[in-house]
Amino acid sequence: MSAHELATVAKAMVAPGKGILAADESTGTIAKRFAGIKVENTEENRRAYRDMLFTAKGVSQAISGVILYDETLRQKSADGTPFAELLAKNGILPGIKVDAGAKELAFCAGETVTEGLDGLAKRCAEYVKLGAKFAKWRAVITIGRDIPSSTCIAANAHALARYAAICQAAGLVPIVEPEVLMDGDHTIERCEEVTEWTLNAVYEALYLNRVTLEHSVLKPSMVISGKGCARQAGVDEVAERTVRILKRTVPAAVAGIVFLSGGQSDELATAHLNAMNRMFAGNLPWPLSFSYGRALQQPCLKAWRGSASNVPAAQAALLHRSRMNSLATLGKYQAGLEKQGLAA
Ligand code: 13P
């Protein structure tokens, strides 16, 4: 892919009113989601579930791209069309998760570093042949007593930057995802501090590794209170603190910012994104959108429950959540639309 094409893909990923569906759960992670709806974790059930997601009519109005897992990129829709081809035909960019997961970081108890750099250039070349246009790598930062350590921040920033450079050289737009976990009883102030530290380290590493920021997309967590913290910050406070940190740390050249949901309820994830766009529309150098996994799929999984007869209801649930988040990218979402089940 030429530089021009990389720029075009990056821009298309964050086109107005659109965001990304993260459907790249590894076989182990989808097992947890299926266990919640009592569906057996077989290859065929995983294929059928993704087929339901990707054949939902009308989602391309709200979804610019879908992140796939290695197995899914090699699977086909019921009519024999490879998933990547099916998505592309519907105007949706196929993406691929290329990391190998967060693994224990030596000498840093309770912390991880994301692995998967070995052989990455070769895998990227194959993914490009299979139709992928962008990639994702998730780094995990945990807040706790005396952590994160500077060792953990540096190791993860370095891996993210090496990944991003390898992807761009291979012709894939990298989604750079440093997730500061919401697990723990830390305050929102602590989350803000750690997010600022992390993002500063990530952009320094991207610079050192010669990554072209215009051909990259950032996928951060929002600045929110720890799950177990007694004071849960309200929607506007989350929006203000998140945008403040992004302004301090993310260069204007970055093509766009797509948030992860990280365990927030689906409606709260939508409300937070909406507040940011309502409060700061027109005053930011990058579009703010979504790349939600759980916050887009939860209602859909519940409606599906592994049964073909539930496919229309599950697809309607996905379409509804996608539309709510599409409105949130424009600052036009209202909680009332949820109750009416309306997609205005
Ligand atoms: P969540 O929105 O469920 O956090 O998932 C997004 C994602 O892709 C995590 O890597």
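The values are calculated or read from the model by the stated rules, or taken from the named source; none is laboratory data. None of the values given here were measured: they were computed from a predicted structure. Because the Cβ atoms are built from the backbone with ideal geometry, glycine has one as well, and the counts that use them run over all protein chains shown. With ligands, DNA and RNA removed, areas are computed over all heavy atoms of the protein, side chains included. Shrake-Rupley method; radii C 1.70, N 1.55, O 1.52, S 1.80 Å.
Rg and Dmax in Å for region 85-213, alpha carbons only: what are they?
Spelled out, the Cα radius of gyration and Dmax of region 85-213 are 15.7, 49 Å.
Average projected area of the Cα convex hull of region 143-281, in nm²?
Taking the Cα atoms of region 143-281, their convex hull projects to 8.1 nm² on average.
Å³ per residue of the Cα convex hull, for region 156-218?
76 Å³
Convex hull over the Cα atoms of region 198-254, averaged projected area in nm²?
Averaging across all directions leaves 4.5 nm² for the Cα convex hull.
On each of the three principal axes of the Cα atoms of region 191-344, give max minus min coordinate, whole Å, ordered largest first.
Largest first, region 191-344 extends 52, 35, 32 Å along its Cα principal axes.
Report Rg(Cα)/(2.2 N^0.38 Å) for region 98-169, keeping two decimals. Show your work: numbers first, answer last.
Details: Rg = 13.6 Å, N = 72, 2.2 N^0.38 = 11.2 Å.
Normalised Cα radius of gyration, region 98-169: 1.22.
Any idea what Rg and Dmax come out to for the chain if you just take the C-alpha atoms, in Å?
Cα-based Rg and Dmax for the chain come out at 18.8, 53 Å.
Using DSSP to call loops (not H, G, I, E or B), can you name the trypsin sites (Lys or Arg not before Pro) in region 188-296 whose Cβ has at most 11 other Cβ atoms within 10 angstrom?
Passing both the DSSP loop test and the Cβ count: 210, 231.
Rounded to the nearest 500, what is the chain's calculated 222 nm mean residue ellipticity when only DSSP H runs of at least 4 contribute -39500 (n - 2.57) each, over all residues?
The helix contribution divided over the chain gives -14500 deg cm²/dmol.
Once you've got the GNM for the chain with C-alpha springs shorter than 10 Å, pick whichever of 185, 51, 266 has the biggest mean-square fluctuation.
185
Using a Förster distance of 35 angstrom, determine the FRET efficiency expected from the C-beta separation of residue 210 and residue 281, and round it to 0.05.
0.60
In Å, what Kirkwood hydrodynamic radius results for region 1-51 from the alpha-carbon pair distances? The partial results should precede the final answer.
On the way: mean 1/r = 0.0744 Å⁻¹.
Evaluated over region 1-51, this radius sits at 13.4 Å.
As a test of understanding, state the convex hull volume per residue of region 243-290 from its alpha carbons, in Å³.
Once divided by residue count, the hull of region 243-290 is 73 Å³.
Enumerate the whole-percent occupancy of each 5 Å bin, from 0 to the last occupied one, for all C-alpha pair distances of region 27-105.
All Cα pairs considered, the percentages come to 3, 13, 25, 22, 19, 13, 4, 2, 0.
Please turn the phi angles of region 277-285 into ³J(HN,Hα) values with the Karplus equation 6.51 cos²θ - 1.76 cosθ + 1.60 (θ = phi - 60°), one per residue in order, whole Hz, x for glycine and proline.
Coupling constants for region 277-285: 6, 5, 7, 10, 3, x, 10, 10, x Hz.
Averaged per residue, what accessible surface does the chain expose to a 1.4 Å probe, in Å²?
Per-residue value: 42 Å².
How high is the FRET efficiency from residue 42 to residue 118, r the C-beta distance, R0 35 Å, rounded to 0.05?
0.75
Please name whichever of 72, 48, 62 sits farthest to the positive end of the charge dipole of region 39-80, dipole taken about the Cα centre and charges placed at Cβ: Lys and Arg +1, Asp and Glu -1.
Farthest towards the positive pole: 62.
How big is the convex hull of the Cα atoms of region 20-163, per residue, in Å³?
134 Å³
Fully extended, how many nm does the chain gain between residue 100 and residue 302 (0.36 nm per residue separation, minus their Cα-Cα distance)? Display every interim value, and only then the final one.
On the way: separation 202, 0.36 × 202 = 72.72 nm, distance 2.79 nm.
Result for the pair: 69.9 nm of gain on full extension.
Report the residues of region 192-220 in range of a label on residue 252: point 7 Å along Cα→C-beta, backbone N strictly under 16 Å from it.
The answer is 213-214.
By DSSP, what percent of the beta bridges with both residues in the chain are antiparallel, rounded to the nearest 5?
15 percent
Any chance you could list the semi-axes, whole Å, largest first, of the equivalent ellipsoid that the Cα gyration tensor gives for region 266-344, using √(5λ)?
Semi-axes from the Cα gyration tensor: 26, 12, 9 Å.
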